[in-house]
Amino acid sequence: MKYYIRTFGCQMNVNDSEKMAGILQSLGYKPAEDWSEADVILVNTCSVREKPDQKVLSALGEFKKVKKNNPSAVIGVCGCLAQRAGYEILQKAPFIDMVFGTTNIHNLPKLLQQAKLGNKAIEILEEIDENENLLNQYPTVRENKYTAYVTVIRGCDKKCTYCIVPYTRGKERSRRIGDILREVQFLVEDGVKEVHLIGQNVTAYGKDLGDVKFWELLVAVANVKGVERIRFTTGHPKDLDEDTIKAMADIPQVCEALHLPIQAGSDRILKAMDRGYTQRDYLQKIELLKKYIPDIALSTDIIVGFPGETYDDYLETVRVLKEVRYDQVFAFKYSPRPGTPAALLTSIAPEEKASRWLSDLINMQKEITFENNLKYQDRVVEVLFEEKKEDGQLVGRTRTNKLVYSYGRDNLLGELVEVKINTVNRFSMEGIILEA
Ligand code: SAH
Ligand code: SF4
Ligand code: F3S
């Protein structure tokens, strides 16, 4: 029996898919090379903007064909769109056998059994399922041998006015430190060198556990023997405090990289988004980060064309990009999401203007990214090689998350190696491995 999982959306979904692969493998399923030969197809969906919603429906249209040759194949839909609109999807695609929400993943074995008996297996709970920690017992099945995601907090309490996530993922629930450390220990024993702690808002970690702080989690993970690098995503500017920044600077394994979404530069728009900070607050955090961690590589998310955004508002965002000089910016056009407060606002920024602002901003950022990369020319950096191409080229990342290509021995895979950068391209670098 074989399974195939198609994943849309963010790292949370990627990690959930890795868990579902773990569950399916523990039931005896093997991964299928292609969806057409699978006995179980799972589509793990995202609903953060309208585009991903549409992609899901077209993927389902394709997967439907699996039943021609294999009528007993099971097609399941899960993830954020399933949580938000599972019954709607079922109406549009009645051939689906299984629909489950974001907090019901641990029930996959039971749901699959129902579906295989020919029944529609549906489980979408409004409330968080208290048993979701049962997920702890399953391993994750990862594509990357040396770096691994570890979910540390689920859900989000922020309720930014444009965002669907709090409705698809529920309230914040931090995983217990002991459970996280056990998972990290297991991963390290499995060969993992780099642990990437993830959550919609990791900097809120521990608020629901009483007295645990996010920086204490960082310390605890760093103390697991064998953890050589730590990253975390996403931090919220409001919850990122000086203690956390100090811990980032003090803990040798925490990489000099941070994704800190600003969304907009204009205070008026930030207020309408209910982000809980001003441009000045945000820039002060950036200043603190650069003070403690001078080499830090920063990245951010931007929304262009929020309802009521004017050209002057947009220019404030441009101003921040020019001041911070991010290494990477993920910019999107605002997309109204059903049920969110912003979807009720009528003063939409004109479509064609927002599109132009977005492409101008992306082009400007491309230059900044390239200029930042040029600073790496002739520098010696630490690279964790993760993959070998067919032509023998090794591919890895610096602590600052830059992609580096090099030629060297196979047994450098999974090792932290010093590389001297000799070529800087727009999106990657090449270098020579310095052997000890
Ligand atoms: N928890 C993270 C973001 C999760 S969603 C944070 O708070 O930063 C990932 C990104 O999608 C967001 O940072 C935002 O830039 C974008 N996004 C979310 N809702 C959106 C919407 N309605 N329209 C356009 N972009 C959106
Ligand atoms: Fe969405 Fe805001 Fe929560 Fe991020 S912090 S997931 S943008 S509500
Ligand atoms: Fe998408 Fe859900 Fe992540 S909406 S961005 S998959 S939390």
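The values are calculated or read from the model by the stated rules, or taken from the named source; none is laboratory data. Predicted model only: the values in this text are computed from it and were never measured. Cβ sites come from the backbone with ideal geometry, for glycine too, and all protein chains shown count toward neighbours.
Can you tell me which residue is farthest from ligand 2 (Cβ to nearest atom) among those in segment 231-245 that are out of contact with any helix residue (DSSP H, G or I) (no Cβ under 6 Å at 6 or more places or on another chain) and over 26 Å from Leu361 (Cα atoms)?
Glu242
Would you check if Tyr334 is out of contact with any Leu (no Cβ under 7 Å at 6 or more places or on another chain), surrounded by 14 or more Cβ atoms within 10 Å (Cβ to Cβ) and of a type in the set (Ser, Thr, Tyr)?
Values: out of contact with any Leu (no Cβ under 7 Å at 6 or more places or on another chain): yes; surrounded by 14 or more Cβ atoms within 10 Å (Cβ to Cβ): yes; of a type in the set (Ser, Thr, Tyr): yes.
Criteria met by Tyr334.
Out of the residues in segment 299-328 that are closer than 30 Å to Ala85 by Cα and more than 16 Å from ligand 3 (Cβ to nearest atom), which is surrounded by the fewest Cβ atoms within 10 Å (Cβ to Cβ)? Even if it seems obvious, please write down each step before you answer.
Narrowing segment 299-328 to residues closer than 30 Å to Ala85 by Cα: 300-309.
Of the ones still in play, those that are also more than 16 Å from ligand 3 (Cβ to nearest atom) are 304-309.
On the way: Val304: 25, Gly305: 21, Phe306: 27, Pro307: 19, Gly308: 16, Glu309: 26.
Here the residue is Gly308.
Which numbered condition trips up Pro294, out of (1) within 21 Å of Ile368 (Cβ to Cβ); (2) in contact (Cβ under 8 Å) with a residue 60 or more places away in the chain; (3) part of a loop (DSSP other than H, G, I, E, B)?
Among (1) within 21 Å of Ile368 (Cβ to Cβ); (2) in contact (Cβ under 8 Å) with a residue 60 or more places away in the chain; (3) part of a loop (DSSP other than H, G, I, E, B), the lone unmet condition for Pro294 is (2).
In the list Leu344, Leu298, which residue meets the criterion of being within 13 Å of Ala272 (Cβ to Cβ) and aliphatic (A, V, I, L, M)?
Leu344
Out of Leu27, Leu60, which single residue is in contact (Cβ under 8 Å) with a residue 60 or more places away in the chain, surrounded by fewer than 21 Cβ atoms within 10 Å (Cβ to Cβ) and among the hydrophobic types (A, V, I, L, M, F, W, C)? Quick ask: steps written out before the conclusion?
Numbers: Leu60 fails: in contact (Cβ under 8 Å) with a residue 60 or more places away in the chain.
Exactly one of Leu27, Leu60 is in contact (Cβ under 8 Å) with a residue 60 or more places away in the chain, surrounded by fewer than 21 Cβ atoms within 10 Å (Cβ to Cβ) and among the hydrophobic types (A, V, I, L, M, F, W, C), namely Leu27.
Does segment 237-277 hold any residues that are of a type in the set (Asp, Glu), exposed (fewer than 15 other Cβ atoms within 10 Å of the Cβ) and not in a helix (DSSP H, G or I), and which are they? Let's see the steps before the verdict.
Initial filter on segment 237-277 (of a type in the set (Asp, Glu)): 239, 241-243, 250, 256, 267, 274.
Imposing the further condition that a residue be exposed (fewer than 15 other Cβ atoms within 10 Å of the Cβ) reduces the set to 242-243, 250, 274.
Result: Asp274, single match.
Assuming Ala436 fulfils every condition listed in (1) surrounded by fewer than 18 Cβ atoms within 10 Å (Cβ to Cβ); (2) at pLDDT 95 or above; (3) of a type in the set (Gly, Ala, Ser) apart from one, which condition is it?
Tallying (1) surrounded by fewer than 18 Cβ atoms within 10 Å (Cβ to Cβ); (2) at pLDDT 95 or above; (3) of a type in the set (Gly, Ala, Ser), Ala436 fails exactly one: (2).
Out of Asn69, Asn104, I need the residue that is at pLDDT below 95 and touching a strand residue (DSSP E or B) at 6+ places or on another chain (Cβ under 6 Å). Which one? Lay out the reasoning, then the answer.
Values: Asn69 fails: touching a strand residue (DSSP E or B) at 6+ places or on another chain (Cβ under 6 Å).
Going through Asn69, Asn104 in turn, just one is at pLDDT below 95 and touching a strand residue (DSSP E or B) at 6+ places or on another chain (Cβ under 6 Å): Asn104.
Could you count how many residues in segment 89-104 are of a type in the set (A, V, I, L, M) and crowded, with 24+ Cβ neighbours inside 10 Å?
Just the residues of segment 89-104 that are of a type in the set (A, V, I, L, M), to begin with: 89-90, 93, 96, 98-99.
Then keep just the ones that are crowded, with 24+ Cβ neighbours inside 10 Å; that gives 96, 98-99.
Qualifying residue count, segment 89-104: 3.
Give me a count of the residues in segment 67-83 that are buried (at least 23 other Cβ atoms within 10 Å of the Cβ) and part of a helix (DSSP H, G or I).
Qualifying residue count, segment 67-83: 4.
Here's a check for you: in segment 149-172, which residue that is touching a strand residue (DSSP E or B) at 6+ places or on another chain (Cβ under 6 Å) and away from ligand 3 (no atom under 14 Å from the Cβ) is nearest to Gln263 (Cα to Cα)?
Restricting to residues being touching a strand residue (DSSP E or B) at 6+ places or on another chain (Cβ under 6 Å) and away from ligand 3 (no atom under 14 Å from the Cβ), the top hit is Val152.
Mind checking which helices (runs of 4 or more DSSP H) fall wholly inside segment 101-196 and carry at least 2 residues that are assigned by TED's automatic domain parsing to the domain that holds Val221 and closer than 24 Å to Ile75 by Cα? Break it down into steps so the answer makes sense when it comes.
Values: elements: 108-116, 165-169, 177-189.
Counting at least 2 such residues, we get 165-169.
Restricting the first residue to segment 259-279 and requiring it to be among the acidic types (Asp, Glu), which pairs with a second residue that is more than 13 Å from ligand 1 (Cβ to nearest atom) meet a Cβ separation below 7 Å and a spacing of at least six or different chains?
Asp267/Thr278; Asp267/Gln279
Would you mind stating whether Gln263 is among the polar types (S, T, N, Q), in the same structural domain as Val165 (by TED's automatic domain parsing) and away from ligand 2 (no atom under 16 Å from the Cβ)?
Numbers: among the polar types (S, T, N, Q): yes; in the same structural domain as Val165 (by TED's automatic domain parsing): yes; away from ligand 2 (no atom under 16 Å from the Cβ): no.
Here the answer is no, as Gln263 does not meet what is asked.
Please find, within segment 278-298, the residue that is nearest to Val320 (Cα to Cα) out of those that are within 16 Å of ligand 2 (Cβ to nearest atom) and crowded, with 20+ Cβ neighbours inside 10 Å.
Tyr282
So, in segment 135-184, how many residues would count as being surrounded by fewer than 18 Cβ atoms within 10 Å (Cβ to Cβ), away from ligand 2 (no atom under 16 Å from the Cβ) and more than 24 Å from Leu416 (Cα to Cα)?
So the count comes out to 7.
If Glu382 passes every condition in (1) in a strand (DSSP E or B); (2) surrounded by 18 or more Cβ atoms within 10 Å (Cβ to Cβ) but one, which one does it miss?
(2)
What about Glu130, is it closer than 20 Å to Gly101 by Cβ and within 16 Å of ligand 2 (Cβ to nearest atom)? Spell out the reasoning first.
Values: closer than 20 Å to Gly101 by Cβ: yes; within 16 Å of ligand 2 (Cβ to nearest atom): no.
Here the answer is no, as Glu130 does not meet what is asked.
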